[in-house]
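Asker: Could you have a look at this structure, given as structure tokens, before my questions?
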Amino acid sequence: MSNEAFQAKGALSGISLLKIHKAFIEEPLNKKEEKKLVIEDDEDDIEVEPLPESDARRGRNLASSQPGTVLKTLVVRVIDAGNKQIEANAAQLRNDVFEDDLCLKSQYEACSHNQLKIEPADEGDGGIVDLPIDINVDGGFNYITAGKTAMAELKKVYGTGDNSDGHNGLKSKYGLVLFCMPPGTYSVNWLAYAYVNSLYSFYNDIWCSSSSAQMHEVGHSLNLAHSGHDGNAYGDQSGYMGYSYVNDDGPAMCFNAANNYQLGWYNDQIDSINPIDLAESGPTTITLNGVEDYDFGKTSALISLRLEKSGGKDYYIGYNKAPIGGINQGTQEGKNQVLLVEKESGPTQYGQSWLLA
């Protein structure tokens, strides 16, 4: 089934229960390939329902973006059985993730106006650790298998032994875990990926030093989906949930209006209206601020305006201000313009967004 088919049924990562009637596990002849769950049901027979808040299987926003959150972050240099590893050493990674003028730590703190803080984990060399695994990544293993091998080894080495949450206590120790995977894993030019609403993100070789790749994948950890334009799911270049760029120190951007509404950093400078109500009340004037201008409690200007729309989709309007030297100066599209974005799910839910105009 496609993601679109699941989303049409209201499926949300970590909080939905999928009910199927006919399915089997496909065991590949090549043990290096992933197993697959093959669903035989017709789409109309598949049910999706929300898990109760009290259900132990219900996920939670592990890497919360809410104001006041501090995410202890562990960066893992994965070393395969043939001693293959990324070129960047611990000092360079520490700089690229925690210390540079533009890095994961500095840019999340800048975009959130210090409401979300990223700090190095207590282990290793300033939060950077080496992790040997017992496979050769260039032996035909795909990148997902290699990533799962690294994740399992991390649980053995750095877990607490308490597996009540299925993560061997890693959830209680870390807010984020970034895996820097050695080159050579089988795939078609994969760059990076992350599990939604999860601790874990994975980066292929040099992409572990890319600030935009870090910002993008941790965005998935914070429950953000991709942002597209003109039919390309990654095509919105106004913020980090579109394309990523290989350079380690840029571009300096933040997020689009739909993401800004969802993240919770600007809750005193967002609003939601039903445009149909204006048919009776008449035109209204809204003042928009760029994320540069966010000033808690001191202005009525909005970082994001939600326009409620029927059918589970909403519009969002924001001003993509990009002053020279500012935190959003490197935005690649719609610089210093008012942008209209559509999102395919509710305002606080995971869902693809699209830059429309």
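Asker: Can residue 245 be described as free of Cβ contacts under 8 Å to residues at least 24 places away in the same chain and under 16 Å from the mean Cα position of the chain (by Cα)? Please lay out each step first, then the result.
Answerer: Numbers: free of Cβ contacts under 8 Å to residues at least 24 places away in the same chain: no; under 16 Å from the mean Cα position of the chain (by Cα): yes.
For residue 245, the condition - free of Cβ contacts under 8 Å to residues at least 24 places away in the same chain and under 16 Å from the mean Cα position of the chain (by Cα) - is not met.
Asker: Output the number of residues of the stretch 197-213 satisfying the condition of being closer than 23 Å to residue 331 by Cβ, open to solvent by 10 Å² or more (accessible area, probe 1.4 Å) and in contact (Cβ under 8 Å) with a residue 60 or more places away in the chain.
Answerer: Residues meeting the conditions: 1.
Asker: Does at least one position in the stretch 299-320 carry a residue that is at pLDDT 90 or above, acidic (Asp, Glu) and either part of a helix (DSSP H, G or I) or over 21 Å from the mean Cα position of the chain (by Cα) (or both)?
Answerer: Initially, the stretch 299-320 is screened for residues at pLDDT 90 or above, giving 301-308, 314-320.
Going one step further and asking which of them are acidic (Asp, Glu), we end up with 308, 314.
So of that shortlist, the ones also either part of a helix (DSSP H, G or I) or over 21 Å from the mean Cα position of the chain (by Cα) (or both) come out as 308.
Scanning the stretch 299-320, I find at least one residue that is at pLDDT 90 or above, acidic (Asp, Glu) and either part of a helix (DSSP H, G or I) or over 21 Å from the mean Cα position of the chain (by Cα) (or both), so the answer is yes.
Asker: Let me ask something else. Looking at the stretch 157-196, which of its residues are within 29 Å of residue 140 (Cα to Cα), open to solvent by 10 Å² or more (accessible area, probe 1.4 Å) and touching a Lys or Arg at 6+ places or on another chain (Cβ under 9 Å)?
Answerer: If the condition is that a residue be within 29 Å of residue 140 (Cα to Cα), open to solvent by 10 Å² or more (accessible area, probe 1.4 Å) and touching a Lys or Arg at 6+ places or on another chain (Cβ under 9 Å), then 158, 159, 167, 168, 183, 184, 186 are the ones that fit.
Asker: Considering only the stretch 109-154, state which residues are in contact with a helix residue (DSSP H, G or I) (Cβ under 7 Å, 6 or more places away or on another chain) and under 20 Å from residue 259 (Cα atoms).
Answerer: 111, 116, 117, 118
Asker: Open to solvent by 70 Å² or more (accessible area, probe 1.4 Å) and either basic (Lys, Arg) or under 24 Å from the mean Cα position of the chain (by Cα) (or both): which single residue out of 332, 337, 269 fits that description? Walk me through it before giving the result.
Answerer: Numbers: 337 fails: either basic (Lys, Arg) or under 24 Å from the mean Cα position of the chain (by Cα) (or both); 269 fails: open to solvent by 70 Å² or more (accessible area, probe 1.4 Å).
Of the residues listed, the single one that is open to solvent by 70 Å² or more (accessible area, probe 1.4 Å) and either basic (Lys, Arg) or under 24 Å from the mean Cα position of the chain (by Cα) (or both) is 332.
Asker: Report whether or not residue 144 is more than 24 Å from residue 247 (Cβ to Cβ) and either among the aromatic types (Phe, Trp, Tyr) or open to solvent by less than 50 Å² (accessible area, probe 1.4 Å) (or both).
Answerer: On the way: more than 24 Å from residue 247 (Cβ to Cβ): yes; either among the aromatic types (Phe, Trp, Tyr) or open to solvent by less than 50 Å² (accessible area, probe 1.4 Å) (or both): yes.
Taking the combined requirement at face value, the residue satisfies it.
Asker: Continuing with the same structure: For the stretch 281-288, state whether one or more residues are open to solvent by less than 70 Å² (accessible area, probe 1.4 Å), modelled with pLDDT under 95 and in a loop (DSSP other than H, G, I, E, B).
Answerer: Looking through the stretch 281-288, at least one residue is open to solvent by less than 70 Å² (accessible area, probe 1.4 Å), modelled with pLDDT under 95 and in a loop (DSSP other than H, G, I, E, B).
Asker: Among all residue pairs at least 6 apart or on different chains, which show Cβ distances below 6 Å where the first residue, located in the stretch 334-353, is at negative phi and touching a residue at least 24 places away in the same chain (Cβ under 8 Å) and the second is surrounded by fewer than 16 Cβ atoms within 10 Å (Cβ to Cβ) and not small (Gly, Ala, Ser)?
Answerer: The qualifying pairs are 340/356; 342/313; 342/356; 344/313.
Asker: Residue 104 is checked against (1) within 30 Å of residue 29 (Cβ to Cβ); (2) aliphatic (A, V, I, L, M); (3) in contact with a helix residue (DSSP H, G or I) (Cβ under 9 Å, 6 or more places away or on another chain) and fails just one. What number does that condition carry?
Answerer: (1)
Asker: Name the single residue, out of those in the stretch 255-288 being in contact with an Asp or Glu (Cβ under 9 Å, 6 or more places away or on another chain) and in contact (Cβ under 8 Å) with a residue 60 or more places away in the chain, that is nearest to residue 332 (Cα to Cα).
Answerer: The residue in question is 256.
Asker: Specify which of the listed residues (234, 245, 240) is part of a loop (DSSP other than H, G, I, E, B), touching a helix residue (DSSP H, G or I) at 6+ places or on another chain (Cβ under 8 Å), under 20 Å from residue 349 (Cα atoms) and not β-branched (Val, Ile, Thr). Full working, then the answer.
Answerer: Values: 234 fails: touching a helix residue (DSSP H, G or I) at 6+ places or on another chain (Cβ under 8 Å); 245 fails: under 20 Å from residue 349 (Cα atoms).
Answer to the selection: 240.
Asker: Suppose we filter 104, 154, 131 for residues that are within 30 Å of residue 252 (Cα to Cα) and touching a strand residue (DSSP E or B) at 6+ places or on another chain (Cβ under 8 Å); which single one remains?
Answerer: Values: 154 fails: within 30 Å of residue 252 (Cα to Cα); 131 fails: within 30 Å of residue 252 (Cα to Cα).
Just one listed residue meets the conditions, 104.
Asker: Of the residues that make up the stretch 120-134, is at least one of a type in the set (A, V, I, L, M, F, W, C), buried (at least 16 other Cβ atoms within 10 Å of the Cβ) and over 26 Å from residue 212 (Cα atoms)?
Answerer: Taking every residue of the stretch 120-134 in turn, at least one turns out to be of a type in the set (A, V, I, L, M, F, W, C), buried (at least 16 other Cβ atoms within 10 Å of the Cβ) and over 26 Å from residue 212 (Cα atoms).
Asker: What are the pairs with Cβ atoms under 6 angstrom where one residue, in the stretch 175-188, is closer than 28 Å to residue 105 by Cα and the other, located anywhere, is assigned to a strand (DSSP E or B) and open to solvent by 10 Å² or more (accessible area, probe 1.4 Å)? Sequence gap at least six, or different chains.
Answerer: Sorted first by the residue in the stretch 175-188, then by its partner, the pairs are 175/72; 180/77; 181/204.
Asker: Please work out if residue 325 is on the phi > 0 side of the Ramachandran plot, of a type outside the set (Phe, Trp, Tyr), surrounded by fewer than 16 Cβ atoms within 10 Å (Cβ to Cβ) and without any contact (Cβ under 8 Å) to a residue 12 or more places away in the chain.
Answerer: Numbers: on the phi > 0 side of the Ramachandran plot: yes; of a type outside the set (Phe, Trp, Tyr): yes; surrounded by fewer than 16 Cβ atoms within 10 Å (Cβ to Cβ): yes; without any contact (Cβ under 8 Å) to a residue 12 or more places away in the chain: yes.
Answer is yes for this residue.
The values are calculated or read from the model by the stated rules, or taken from the named source; none is laboratory data. Nothing here was measured: the structure is a model prediction, and the numbers come from that model. Because the Cβ atoms are built from the backbone with ideal geometry, glycine has one as well, and the counts that use them run over all protein chains shown. Side chains included, ligands, DNA and RNA excluded: accessible areas come from the protein's heavy atoms. Shrake-Rupley method; radii C 1.70, N 1.55, O 1.52, S 1.80 Å.
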